[in-house]
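Report on one structure; see the data block that follows.
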Amino acid sequence: MKRTTRIAAGTGALVAAIVLGLGAGAATAGSFAFLGLSSSPNGAPHPIKAPQYETNAAGETYGSAADATSPENEPDLIRAQATNGKTGYVKKVDLDAANGTTAAESFKSPEDALRWQETEGQLDHTIPVYDVDGVTQIGEFTVVGQKTAQEQAEQAGLDDSDAQQRG
Amino acid sequence: MEARRFRKPSFRALVLVAFLSAFGVSASTGVAYAVSTSAYGNPGFFTVGGITFENVAHVTTDASAHWANATTVTQKYGGTTPAGAAGSRGRLFIPNEVLMCEGVNTYGTTSSPSAVGRSCTKTNTISEWYSWGVSLGWNGNGYNSYYTYKSPRLNS
(Lines give C-alpha, C1' and ligand atoms only; values in the text may rest on other atoms or scores of the structure.)
Protein backbone atom coordinates (compact mmCIF):
# COMPACT_ATOMS: atom_id res chain seq x y z
CA MET A 1 0.00 0.00 0.00
CA LYS A 2 1.36 3.43 -0.90
CA ARG A 3 2.13 5.85 1.92
CA THR A 4 -0.57 8.32 0.83
CA THR A 5 -3.10 5.51 0.68
CA ARG A 6 -2.15 4.35 4.18
CA ILE A 7 -2.48 7.91 5.51
CA ALA A 8 -5.89 8.30 3.87
CA ALA A 9 -7.05 4.96 5.24
CA GLY A 10 -5.78 5.81 8.70
CA THR A 11 -7.46 9.20 8.66
CA GLY A 12 -10.72 7.65 7.50
CA ALA A 13 -10.61 5.10 10.27
CA LEU A 14 -9.94 7.81 12.85
CA VAL A 15 -12.85 9.93 11.63
CA ALA A 16 -15.13 6.90 11.60
CA ALA A 17 -14.09 6.01 15.13
CA ILE A 18 -14.80 9.54 16.35
CA VAL A 19 -18.21 9.64 14.65
CA LEU A 20 -19.16 6.20 15.94
CA GLY A 21 -17.90 7.07 19.38
CA LEU A 22 -19.90 10.28 19.54
CA GLY A 23 -23.01 8.52 18.29
CA ALA A 24 -22.64 5.74 20.80
CA GLY A 25 -22.08 8.24 23.56
CA ALA A 26 -25.20 10.17 22.69
CA ALA A 27 -27.26 6.99 22.45
CA THR A 28 -25.93 5.82 25.79
CA ALA A 29 -26.75 9.14 27.42
CA GLY A 30 -30.34 8.84 26.27
CA SER A 31 -30.78 5.20 27.16
CA PHE A 32 -29.57 5.72 30.72
CA ALA A 33 -32.06 8.48 31.42
CA PHE A 34 -34.54 7.46 34.06
CA LEU A 35 -37.53 9.08 35.62
CA GLY A 36 -36.79 12.02 37.82
CA LEU A 37 -33.16 12.63 37.04
CA SER A 38 -31.46 13.37 33.80
CA SER A 39 -28.55 11.19 32.89
CA SER A 40 -25.11 12.68 32.92
CA PRO A 41 -23.56 13.81 29.64
CA ASN A 42 -21.32 10.74 29.56
CA GLY A 43 -24.21 8.43 30.26
CA ALA A 44 -23.15 7.32 33.74
CA PRO A 45 -26.27 6.73 35.83
CA HIS A 46 -26.45 8.10 39.35
CA PRO A 47 -27.72 6.07 42.29
CA ILE A 48 -30.94 7.42 43.72
CA LYS A 49 -31.38 7.45 47.48
CA ALA A 50 -34.89 8.11 48.67
CA PRO A 51 -34.96 11.42 50.57
CA GLN A 52 -35.53 11.27 54.32
CA TYR A 53 -37.72 14.16 55.42
CA GLU A 54 -38.75 15.19 58.88
CA THR A 55 -42.42 15.07 59.79
CA ASN A 56 -44.54 17.66 61.59
CA ALA A 57 -47.28 17.01 64.14
CA ALA A 58 -49.84 16.61 61.39
CA GLY A 59 -47.78 13.89 59.74
CA GLU A 60 -46.72 16.07 56.83
CA THR A 61 -43.15 15.76 55.55
CA TYR A 62 -41.20 18.98 55.32
CA GLY A 63 -37.87 20.05 53.90
CA SER A 64 -36.26 21.44 50.80
CA ALA A 65 -37.24 20.58 47.27
CA ALA A 66 -33.50 20.51 46.67
CA ASP A 67 -33.28 17.28 48.67
CA ALA A 68 -35.71 15.44 46.41
CA THR A 69 -34.49 13.02 43.77
CA SER A 70 -37.49 13.56 41.53
CA PRO A 71 -40.39 16.01 41.35
CA GLU A 72 -42.64 13.21 42.56
CA ASN A 73 -40.90 12.73 45.93
CA GLU A 74 -40.64 16.32 47.05
CA PRO A 75 -41.87 16.86 50.64
CA ASP A 76 -45.44 17.84 51.50
CA LEU A 77 -44.15 21.18 52.77
CA ILE A 78 -41.40 22.77 50.67
CA ARG A 79 -39.05 25.34 52.17
CA ALA A 80 -39.54 28.70 50.46
CA GLN A 81 -39.13 32.38 51.09
CA ALA A 82 -42.28 34.48 51.22
CA THR A 83 -42.59 37.84 49.51
CA ASN A 84 -42.23 39.46 52.95
CA GLY A 85 -38.78 37.91 53.35
CA LYS A 86 -39.78 35.29 55.91
CA THR A 87 -38.75 31.70 55.32
CA GLY A 88 -41.40 29.05 55.75
CA TYR A 89 -43.05 26.32 53.74
CA VAL A 90 -45.39 26.15 50.78
CA LYS A 91 -47.59 23.11 50.37
CA LYS A 92 -46.59 20.96 47.41
CA VAL A 93 -50.24 20.60 46.41
CA ASP A 94 -50.58 24.39 46.30
CA LEU A 95 -47.33 24.78 44.38
CA ASP A 96 -48.29 22.11 41.86
CA ALA A 97 -51.66 23.75 41.33
CA ALA A 98 -49.99 27.13 40.82
CA ASN A 99 -47.20 26.06 38.47
CA GLY A 100 -49.40 23.99 36.18
CA THR A 101 -48.36 20.51 37.28
CA THR A 102 -51.86 19.63 38.45
CA ALA A 103 -53.37 20.91 35.22
CA ALA A 104 -50.86 18.90 33.19
CA GLU A 105 -52.19 15.69 34.73
CA SER A 106 -55.45 16.21 32.85
CA PHE A 107 -53.93 17.03 29.46
CA LYS A 108 -54.88 14.50 26.78
CA SER A 109 -52.49 15.90 24.18
CA PRO A 110 -49.72 18.50 23.82
CA GLU A 111 -52.33 20.80 22.28
CA ASP A 112 -54.07 20.92 25.67
CA ALA A 113 -50.81 22.16 27.18
CA LEU A 114 -50.46 24.85 24.53
CA ARG A 115 -54.02 26.03 25.12
CA TRP A 116 -53.39 26.12 28.88
CA GLN A 117 -50.29 28.26 28.54
CA GLU A 118 -52.12 30.79 26.38
CA THR A 119 -54.60 31.38 29.18
CA GLU A 120 -53.86 30.14 32.70
CA GLY A 121 -50.12 29.94 32.04
CA GLN A 122 -49.94 33.68 31.54
CA LEU A 123 -51.20 34.45 35.04
CA ASP A 124 -49.44 34.83 38.39
CA HIS A 125 -50.65 32.62 41.24
CA THR A 126 -50.16 33.50 44.90
CA ILE A 127 -50.13 30.72 47.46
CA PRO A 128 -49.75 30.77 51.27
CA VAL A 129 -46.43 30.28 53.06
CA TYR A 130 -46.84 28.46 56.36
CA ASP A 131 -44.84 27.82 59.46
CA VAL A 132 -43.59 24.26 59.80
CA ASP A 133 -46.93 23.24 61.33
CA GLY A 134 -48.56 23.67 57.93
CA VAL A 135 -51.35 25.70 59.52
CA THR A 136 -49.98 29.07 60.64
CA GLN A 137 -49.66 31.33 57.63
CA ILE A 138 -46.62 33.63 57.73
CA GLY A 139 -46.65 35.07 54.22
CA GLU A 140 -47.27 34.50 50.53
CA PHE A 141 -45.32 33.06 47.64
CA THR A 142 -45.95 34.05 44.05
CA VAL A 143 -45.51 31.63 41.18
CA VAL A 144 -44.99 33.94 38.25
CA GLY A 145 -46.92 33.43 35.04
CA GLN A 146 -45.24 33.75 31.69
CA LYS A 147 -46.39 37.34 31.24
CA THR A 148 -44.78 38.57 34.46
CA ALA A 149 -41.67 36.44 33.98
CA GLN A 150 -41.16 37.89 30.52
CA GLU A 151 -41.73 41.46 31.68
CA GLN A 152 -39.26 41.09 34.53
CA ALA A 153 -36.69 39.50 32.26
CA GLU A 154 -37.01 42.33 29.76
CA GLN A 155 -36.62 44.91 32.52
CA ALA A 156 -33.42 43.15 33.56
CA GLY A 157 -32.16 43.20 29.99
CA LEU A 158 -32.59 39.46 29.47
CA ASP A 159 -34.21 37.63 26.62
CA ASP A 160 -34.58 33.98 25.85
CA SER A 161 -31.44 33.89 23.74
CA ASP A 162 -29.45 34.49 26.94
CA ALA A 163 -30.55 31.10 28.15
CA GLN A 164 -30.08 29.42 24.80
CA GLN A 165 -26.58 30.59 23.95
CA ARG A 166 -25.11 27.39 25.25
CA GLY A 167 -26.62 25.62 22.24
CA MET B 1 -43.60 33.87 25.21
CA GLU B 2 -41.08 34.69 22.54
CA ALA B 3 -38.47 31.99 22.43
CA ARG B 4 -35.99 31.63 19.65
CA ARG B 5 -34.67 28.34 18.39
CA PHE B 6 -31.16 27.26 19.25
CA ARG B 7 -28.80 28.83 16.78
CA LYS B 8 -26.37 26.71 14.87
CA PRO B 9 -23.09 27.53 16.56
CA SER B 10 -19.99 28.33 14.58
CA PHE B 11 -16.81 26.42 15.32
CA ARG B 12 -15.31 29.46 17.03
CA ALA B 13 -18.44 29.73 19.16
CA LEU B 14 -18.14 26.06 20.09
CA VAL B 15 -14.54 26.54 21.12
CA LEU B 16 -15.48 29.59 23.15
CA VAL B 17 -18.38 27.79 24.83
CA ALA B 18 -16.18 24.79 25.58
CA PHE B 19 -13.62 27.06 27.19
CA LEU B 20 -16.18 28.95 29.23
CA SER B 21 -18.03 25.78 30.17
CA ALA B 22 -14.84 24.38 31.61
CA PHE B 23 -15.10 27.08 34.22
CA GLY B 24 -18.87 26.73 34.53
CA VAL B 25 -19.40 30.42 34.13
CA SER B 26 -19.84 32.71 31.18
CA ALA B 27 -20.51 36.37 30.77
CA SER B 28 -23.85 37.15 29.21
CA THR B 29 -24.16 39.37 26.21
CA GLY B 30 -26.56 42.15 25.33
CA VAL B 31 -27.76 45.07 27.36
CA ALA B 32 -26.70 43.63 30.69
CA TYR B 33 -23.24 42.57 29.52
CA ALA B 34 -21.28 44.90 31.76
CA VAL B 35 -22.91 43.91 35.01
CA SER B 36 -24.61 40.54 34.71
CA THR B 37 -23.06 37.11 34.88
CA SER B 38 -24.62 33.84 33.91
CA ALA B 39 -23.83 30.18 34.39
CA TYR B 40 -25.12 26.90 33.04
CA GLY B 41 -25.42 23.55 34.71
CA ASN B 42 -24.33 20.44 32.89
CA PRO B 43 -26.72 19.41 30.15
CA GLY B 44 -28.94 16.47 31.03
CA PHE B 45 -30.67 13.97 28.79
CA PHE B 46 -33.83 11.95 29.11
CA THR B 47 -35.85 9.87 26.71
CA VAL B 48 -39.62 9.83 26.77
CA GLY B 49 -42.19 9.02 24.09
CA GLY B 50 -39.41 7.88 21.80
CA ILE B 51 -37.72 11.29 21.83
CA THR B 52 -34.45 12.08 23.57
CA PHE B 53 -34.53 15.52 25.14
CA GLU B 54 -31.73 17.72 26.39
CA ASN B 55 -32.21 20.09 29.32
CA VAL B 56 -30.12 22.66 31.12
CA ALA B 57 -30.48 25.04 34.07
CA HIS B 58 -29.29 28.59 33.61
CA VAL B 59 -28.85 31.32 36.21
CA THR B 60 -28.14 34.98 35.65
CA THR B 61 -27.24 37.45 38.38
CA ASP B 62 -26.42 41.12 38.48
CA ALA B 63 -23.95 42.14 41.15
CA SER B 64 -24.69 45.85 40.90
CA ALA B 65 -28.48 45.76 40.72
CA HIS B 66 -28.58 42.66 42.96
CA TRP B 67 -31.05 40.52 41.09
CA ALA B 68 -31.11 36.92 39.95
CA ASN B 69 -33.10 34.97 37.40
CA ALA B 70 -33.33 31.25 36.69
CA THR B 71 -34.19 29.66 33.38
CA THR B 72 -34.72 26.07 32.30
CA VAL B 73 -34.35 25.12 28.65
CA THR B 74 -35.65 21.81 27.29
CA GLN B 75 -35.45 20.74 23.68
CA LYS B 76 -35.18 17.68 21.51
CA TYR B 77 -31.64 16.35 21.33
CA GLY B 78 -30.95 16.95 17.65
CA GLY B 79 -33.65 18.15 15.30
CA THR B 80 -36.69 20.28 15.87
CA THR B 81 -38.76 19.80 19.01
CA PRO B 82 -42.41 19.04 18.19
CA ALA B 83 -44.78 21.70 19.54
CA GLY B 84 -45.88 20.90 23.07
CA ALA B 85 -43.59 17.89 23.36
CA ALA B 86 -41.23 19.65 25.77
CA GLY B 87 -41.92 21.82 28.79
CA SER B 88 -39.78 23.69 31.30
CA ARG B 89 -40.14 25.30 34.69
CA GLY B 90 -37.60 27.75 36.09
CA ARG B 91 -36.73 27.54 39.80
CA LEU B 92 -34.38 29.82 41.69
CA PHE B 93 -32.70 28.69 44.93
CA ILE B 94 -30.28 30.05 47.48
CA PRO B 95 -27.63 27.84 49.13
CA ASN B 96 -29.58 26.85 52.24
CA GLU B 97 -31.90 25.15 49.76
CA VAL B 98 -34.68 27.71 50.05
CA LEU B 99 -36.91 28.07 47.01
CA MET B 100 -36.88 31.77 46.22
CA CYS B 101 -38.83 31.89 43.02
CA GLU B 102 -40.66 29.63 40.61
CA GLY B 103 -42.42 30.06 37.29
CA VAL B 104 -45.21 28.16 35.60
CA ASN B 105 -44.71 25.29 33.20
CA THR B 106 -43.84 26.65 29.77
CA TYR B 107 -44.18 24.53 26.63
CA GLY B 108 -42.44 24.88 23.31
CA THR B 109 -44.61 26.01 20.43
CA THR B 110 -44.48 25.68 16.66
CA SER B 111 -42.77 29.05 16.35
CA SER B 112 -40.59 28.57 19.44
CA PRO B 113 -39.93 24.81 19.72
CA SER B 114 -37.47 24.94 22.63
CA ALA B 115 -39.30 25.20 25.93
CA VAL B 116 -37.85 28.10 27.95
CA GLY B 117 -39.27 28.33 31.46
CA ARG B 118 -38.35 31.35 33.58
CA SER B 119 -38.56 31.95 37.29
CA CYS B 120 -39.30 35.45 38.51
CA THR B 121 -36.43 37.92 38.65
CA LYS B 122 -35.66 38.22 42.35
CA THR B 123 -33.84 41.06 44.08
CA ASN B 124 -31.70 40.30 47.12
CA THR B 125 -28.41 41.78 48.21
CA ILE B 126 -27.07 39.10 50.50
CA SER B 127 -27.13 35.89 48.62
CA GLU B 128 -25.66 33.60 46.08
CA TRP B 129 -28.04 31.82 43.77
CA TYR B 130 -28.44 28.74 41.70
CA SER B 131 -30.92 27.41 39.19
CA TRP B 132 -32.41 23.95 39.33
CA GLY B 133 -35.20 23.42 36.88
CA VAL B 134 -37.84 20.92 35.94
CA SER B 135 -38.37 19.60 32.43
CA LEU B 136 -41.42 17.91 31.00
CA GLY B 137 -41.59 15.43 28.14
CA TRP B 138 -44.77 14.15 26.47
CA ASN B 139 -44.97 10.35 26.77
CA GLY B 140 -47.97 9.83 24.51
CA ASN B 141 -50.48 9.92 27.36
CA GLY B 142 -49.20 12.67 29.62
CA TYR B 143 -46.07 14.44 30.75
CA ASN B 144 -43.14 12.93 32.63
CA SER B 145 -41.14 15.30 34.84
CA TYR B 146 -37.35 15.36 35.14
CA TYR B 147 -34.92 17.55 37.00
CA THR B 148 -32.11 19.38 35.31
CA TYR B 149 -28.66 19.35 36.82
CA LYS B 150 -28.12 22.23 39.21
CA SER B 151 -26.34 25.27 37.86
CA PRO B 152 -23.20 26.65 39.48
CA ARG B 153 -23.80 29.21 42.22
CA LEU B 154 -23.42 32.90 41.48
CA ASN B 155 -23.40 35.94 43.72
CA SER B 156 -25.67 38.89 43.22
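The values are calculated or read from the model by the stated rules, or taken from the named source; none is laboratory data. All of these numbers come straight from a predicted model, not from anything done at the bench. Positions of Cβ are backbone-derived with ideal geometry, glycine not excepted, and every protein chain shown enters the neighbour counts.
Annotation: B:CYS101 fulfils all but one of (1) surrounded by 22 or more Cβ atoms within 10 Å (Cβ to Cβ); (2) in contact (Cβ under 8 Å) with a residue 40 or more places away in the chain; (3) closer than 26 Å to A:ARG115 by Cβ; (4) of a type outside the set (Asp, Glu); the unmet one is (2). The listed residues are A:ALA103, A:ALA98, A:ALA163, and the only one of them that is of a type in the set (A, V, I, L, M), modelled with pLDDT under 95 and not in a loop (DSSP other than H, G, I, E, B) turns out to be A:ALA163.
All conditions but one from (1) more than 7 Å from chain A (Cβ to nearest Cβ); (2) surrounded by fewer than 24 Cβ atoms within 10 Å (Cβ to Cβ); (3) hydrophobic (A, V, I, L, M, F, W, C) apply to B:LEU92; the one that does not is (2). Of the candidates A:GLN81, A:GLN117, A:GLN155, A:GLN150, the single residue that is touching a residue at least 24 places away in the same chain (Cβ under 8 Å) and closer than 14 Å to B:ARG118 by Cβ is A:GLN117. Among the residues making up the range A:63-82, those that are within 10 Å of chain B (Cβ to nearest Cβ) and not in a loop (DSSP other than H, G, I, E, B) are A:GLY63, A:ALA65, A:ALA66, A:ASP67, A:PRO71, A:GLU72, A:ILE78, A:ARG79, A:ALA80, A:GLN81. If you check B:THR121, B:THR109 for being more than 26 Å from A:ASP94 (Cα to Cα) and in contact with a helix residue (DSSP H, G or I) (Cβ under 7 Å, 6 or more places away or on another chain), only one passes: B:THR109. Per the listing A:GLY100, A:GLY85, A:GLY157, A:GLY145, the residue uniquely of a type outside the set (A, V, I, L, M, F, W, C) and more than 7 Å from chain B (Cβ to nearest Cβ) is A:GLY85. Among the residues making up the range B:137-156, those that are at the interface with chain A (Cβ under 7 Å from one of its Cβ atoms) and in a strand (DSSP E or B) are B:TRP138, B:TYR143, B:ASN144, B:SER145, B:TYR146, B:TYR147.
If the condition is being in a loop (DSSP other than H, G, I, E, B) and at pLDDT 95 or above, then the range B:110-136 contributes B:TRP132, B:GLY133. For the range A:95-137, the set of residues classified as aliphatic (A, V, I, L, M) and surrounded by fewer than 15 Cβ atoms within 10 Å (Cβ to Cβ) consists of A:LEU123, A:VAL135, listed by residue number.
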